[in-house]
Structure formats: structure tokens, C-alpha cells
1. Taking the conditions exactly as written (without any contact (Cβ under 8 Å) to a residue 24 or more places away in the chain and either assigned to a strand (DSSP E or B) or in contact with a Pro (Cβ under 8 Å, 6 or more places away or on another chain) (or both)), does Lys72 satisfy them or not?
2. Quick one: how many residues across region 122-166 are farther than 19 Å from Ile94 by Cα and charged (D, E, K, R)?
3. Just to be sure, is Ile87 in a loop (DSSP other than H, G, I, E, B), under 14 Å from Ile61 (Cα atoms) and not hydroxyl-bearing (Ser, Thr, Tyr)?
4. From Ser99, Ser151, Ser108, Ser60, grab the single residue that is part of a strand (DSSP E or B), touching a residue at least 40 places away in the same chain (Cβ under 8 Å), touching a strand residue (DSSP E or B) at 6+ places or on another chain (Cβ under 7 Å) and small (Gly, Ala, Ser).
5. Report yes if Lys110 is of a type in the set (Lys, Arg), crowded, with 16+ Cβ neighbours inside 10 Å and in contact with a helix residue (DSSP H, G or I) (Cβ under 6 Å, 6 or more places away or on another chain), otherwise no.
Amino acid sequence: MWQRITKTGSRSQTAGSHTVNVITKRIIMHSKLLSILLAIVLSGCATSQQNETNNNSDFSIFPETKFFAEAKVNSDGSIELTKVDEIKNTSITITFNLSKMDSGMMLSVKNPLDKTIKYHLNMIDYKGKAHNTSSCAVRAGLSVFESWPHSIPEIRVSNTHVALKDEEGMCIY
């Protein structure tokens with residue numbers, strides 16, 4: 001018996017208090033170990049190579065609007081996007097569309113380029129806070145459809161680049 005509670009609610013310790021201290025110390029030690037392991041795993045995920053863009057190609061997509069962007073692929077694999085009002089050159093214009101559905105939201109992305117592309121997505125909530133979400137690489141000449149079971153007032157797209165080999169078949173941030 002570790003502790004006994006009397007009818008009045010006061011506690012009286014028994015001989016098991018030493019056992020309680022040992023168990024508590026072990027729990028704390030295991031918690032610290034798990035925290036260290038989690039930090040190691042997460043830092044390993046963050047070190048994968050990416051073609052970062054520094055060209056102001058970040059943009060927002062809002063529900064029920066299409067976003068057209070002409071793409072210029074740079075030698076380092078980054079992709080510069082320039083917003084256009086309509087498709088004038090079908091071979092370089094990427095189309096983004098965020099649609100409302102009965103079950104939530106769906107983002108469709110059409111990639112006309114001859115290269116697989118990847119980008120980062122952040123869902124912006126009703127308070128303006130950004131939340132990372134995974135996105136799938138869009139293979140050359142194809143489209144991708146991603147959906148969420150809730151309403152999203154805004155999606156922020158950033159870091160558009162030619163997909164690296166380890167990104168091509170994955171849906172990651």
C-alpha cells in the first residue's frame with residue numbers, strides 16, 4: 001500500500017513511500033530520455049536538403065478563387081512564381097484552386113512543367129495563425145488533389161522548387 005486516505009481526507013504515508021520515490025525518479029528519467037530521443041528524431045527530419053526560394057514567390061490562396069502563376073525554374077532548382085490574372089502560356093502556368101466541399105476543403109494544383117515540383121503549405125486559421133501541413137509533390141504534366149475535413153480560410157504557399165529525389169513520392173511539409 002502506497003498511501004491511505006482516511007475518511008476525513010487527510011493522508012498518512014506507509015512504508016511504501018520509498019517505493020513511490022524510486023518510481024517517481026524512474027518516470028522522470030524516462031521522460032527526459034524520451035524528450036532527448038524526440039529532439040534527435042525531429043532534428044533529423046529538419047535537415048533534409050531543400051531548394052529554398054528567396055524571391056518573394058510566397059502567396060496566399062483563398063476559398064473559391066483560382067490562382068495562376070507563371071513559373072521560371074532557376075539553375076539551383078528554385079522556382080520563381082509570378083501571379084497572372086489568366087493563363088497566357090499553358091506550358092509555364094501553374095494553377096492553384098482552393099474549393100469548399102461538403103466534407104471540408106480541397107486544394108487542386110496543376111503542374112504543366114516538365115519537372116516534378118514541391119512547395120510548402122501553411123493553413124492560416126481564423127485567428128491568422130499559421131499551421132504547417134503536408135503537401136504532395138506534383139509530377140510533371142499532372143495535377144494533385146489534397147483535402148482536409150474542415151474549413152480553411154487561407155492557404156499560404158511558399159518554397160516552390162523542383163522536387164528532390166527523396167520528395168518525389170512523399171507528402172511532407
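1. yes
2. 5
3. no
4. The match here is Ser60.
5. no
We did not get these values from a lab; they are worked out from the coordinates using the rules stated. None of the values given here were measured: they were computed from a predicted structure. With ideal geometry, Cβ positions are generated from the backbone for all residues, glycine too; neighbour counts draw on all protein chains shown.
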